[in-house]
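Q: Can you keep this structure in mind? I'll have questions shortly.
Bear in mind that the values in this text are calculations on the coordinates, not laboratory data. What you see is a predicted model; the values in this text were computed from it and never measured. No Cβ is skipped: glycine too gets one built from the backbone with ideal geometry, and neighbour counts run over all protein chains shown.
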Amino acid sequence: MAVVAAKRKEEEEAKELRKRNEELEKELRESREREEQMRKELRKVWERLRVAEEAEERLCSQLGELEAESVNQARAYNAHIVSLMAQLSKATITNTVLVNNHRSPAPAPISIL
């Protein structure tokens, strides 16, 4: 009987070890699946980051071009304003001269003595 009991105990231990081994194998499979899923997600995030960095570079380049264009437009506008001011100044001087030339001469002072 002791032999039968020992054998039965041995079988129970072996059964529990097989069960525990199956549980560990299942946990390992699940862990590997999670790891693979995380790798896939990491690759996707990495690709989105790469795309975002390329877009940022393009936007920075476009911004630089727009800034250069706006500086050129501001300079052209400033030159146009300076030209208009010069024309206005010249027209004002010309108008003043014309008005002064067309005025009647001031009457000579009358002497009472």
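Q: Compactness ratio of the stretch 19-67: Cα Rg over 2.2 N^0.38 Å, N = residue count?
A: So the Cα radius of gyration is 2.19 times the expected 2.2 N^0.38 Å.
Q: Using a 7 Å offset from the Cα along the Cα-to-Cβ direction at both L28 and E16, what is the distance between the two label points in nm, to one decimal?
A: 2.2
Q: Which value at 222 nm does the chain reach when only helices count, each DSSP H run of 4 or more adding -39,500 (n - 2.57), with the total divided by all residues and rounded to the nearest 500 deg cm²/dmol?
A: Counting only the DSSP helices, I get -34500 deg cm²/dmol.
Q: Can you give the percent of C-alpha pairs in the chain whose distance is more than 22 Å?
A: Result: 77 percent of Cα pairs exceed 22 Å.
Q: Oh, and also: Under a crude label model (7 Å from the Cα following the beta-carbon direction), how far is K7 from A79 in nanometres?
A: 10.9
Q: Considering only H80, S70, V45, whose Cα is most displaced toward the positive end of the charge dipole of the chain, charges sitting on Cβ of Lys, Arg (+1) and Asp, Glu (-1)?
A: Checked the options; the winner is H80.
Q: Specify the angular offset, from 0 to 90 degrees and rounded to the nearest 10, of the alpha carbon long axis of helix 2-102 from the longest principal axis of the alpha carbons in the chain.
A: Value to nearest ten degrees: 0.
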